[in-house]
Every structure is written in C-alpha cells, then in structure tokens.
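First the structure, in the form of structure tokens, and then the observations on it.
The values are calculated or read from the model by the stated rules, or taken from the named source; none is laboratory data. Keep in mind that what you see is a predicted model, and the values were worked out from it rather than measured. Counting neighbours? That spans all protein chains shown, and the Cβs are built from the backbone with ideal geometry, glycine included.
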Amino acid sequence: MKKYVAEMIGTMVLVLMGCGAAVFAGAGQPFDSVGTLGVAFAFGLSVVAMAYGIGSISGCHINPAITLGVFLTGRMSAKDAGMYMLFQVVGAIIGSSILWFLAKDSGSTTTLTGANGFAEGQVGAAFVAEAVFTFIFVLVVLGVTAKNGLNKFAGLAIGLTLILIHIVCIPITGTSVNPARSIGPALFEGVTALSQLWLFIAAPLLGAAVAAFVWKGITVENDQKATV
C-alpha cells in the first residue's frame, strides 16, 4: 500500500505543478508569463523532484504509460500494475481539484486545470504526436532504469526528456504522454476535454506498448547478465 500511496502523491504533485504552470504562467496569461519553455520545465522538474522523493518507495512511475511499459517488460506484476494505474488516476484527480480551487477566481484565460486538447481536424496529428512522444519517453525510462542503466541519474534523465517532449508537443496537444495527467484535468474542464479524452488514453498506452516491445528487442541487459 505504501508504494501505491506514493504513486498517488507523486501524480498529484506532477499535475498540480505542471498543469499549474500552464494555468497560472502559460503563454497569454494575465500574470507574469513563463511561456511554453517554463511550462515544459515545470513538468520535467516535477518528475525530477518526485523521482528522488518517492523513487525509493515505488520507482516513481506517476504515469500509467510508464507502468504499462514496465509491466510489459516483466518488471512488475499485473496486480501491482493495475493498482499503480488506479492510484495514479486518483492522484491526478486530487491534483486537478486543488488546481481548480486555486484557479477558479484567478482570472486565468486557459482551462482552469490545464486540460489537454487538439484543434478540430487535427486528430491524426495529435494521435501520432502523443503515441510517438510517449514511445520516446517510455523507452528512455526503461533504458535508464535497467539493471545495467545509469540508475543514479535516472530521475534527471527522465525529467529532462519530459522537458524536451513538452517543448515540441505543447503546441500540438498541450502534451499528455500520461493518461492520468489527462484524466484528472478533463473531469474538471468539461465537455470538450472529455470528448477528446479517449485519444490521450489510447495514444500514450499504444506508444508505451511499442516502447516495451522495442526495448525487449534491443536491450543487452539479459546478455550482460548471462556473461557475468
């Protein structure tokens, strides 16, 4: 239970800090703006902070796509994977509720929880972006957390990768690559976000599954273990 609660807390922090930056300091806000780059750093730094904060407890997935990738590579049980995903979604909802409360009277010009979305007619581009960027993200996670990976720097590498992905993807979808991060805000944003939510669940999970398949095909982790 401790690791499930850790995942809930970590996902709450990710949504509150990352989406909070978009709501309060994203481009076009009436407050001092940090723009796209600042929002990207907010998401990435949230992951870095949580990686070193709860990584020793749960591994700090805080993302159902990462959990799926870890499960498909045989690093965790189906029960743990399911419970991780459940608590991640709960954490995202808690983070979104806090953000909604803080933002509802703030004068923010964006959705009050930083919900993901794409323009009409851009569903194809949005799906490809979310699937491909999640593939890259999960592949990095699997690589740096492998037994022969650079584990001490895993949190930093994962956080920086997420920053890079956000810089490119924010103009396309607002960047999800994380179903929990999309579910929480969508519940508070309403009809538009909920109608598009399927994409921000399906595309990241597909990208994660492909990343797990590719990782199993290219990893030398088992080969190195066999020669020790």
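Tabulated data for the structure shown
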read-out: Contacts under 7 angstrom Cβ, first residue in region 140-162 being touching a residue at least 24 places away in the same chain (Cβ under 8 Å) and more than 17 Å from Met76 (Cβ to Cβ), partner surrounded by fewer than 19 Cβ atoms within 10 Å (Cβ to Cβ) and of a type in the set (D, E, K, R), 6 or more apart; value: Asn148/Glu221
read-out: Val15 vs. criteria at pLDDT below 95, β-branched (Val, Ile, Thr) and surrounded by 24 or more Cβ atoms within 10 Å (Cβ to Cβ); value: no
read-out: Considering residues of region 68-119 that are under 17 Å from the mean Cα position of the chain (by Cα) and not in a helix (DSSP H, G or I) only, the residue farthest from Ala212 (Cα to Cα); value: Thr113
read-out: Region 11-25 residues that are among the β-branched types (Val, Ile, Thr), paired with ones that are surrounded by fewer than 23 Cβ atoms within 10 Å (Cβ to Cβ) and not in a helix (DSSP H, G or I) (beta carbon under 6 Å, 6 or more apart); value: Val23/Ser108; Val23/Thr110
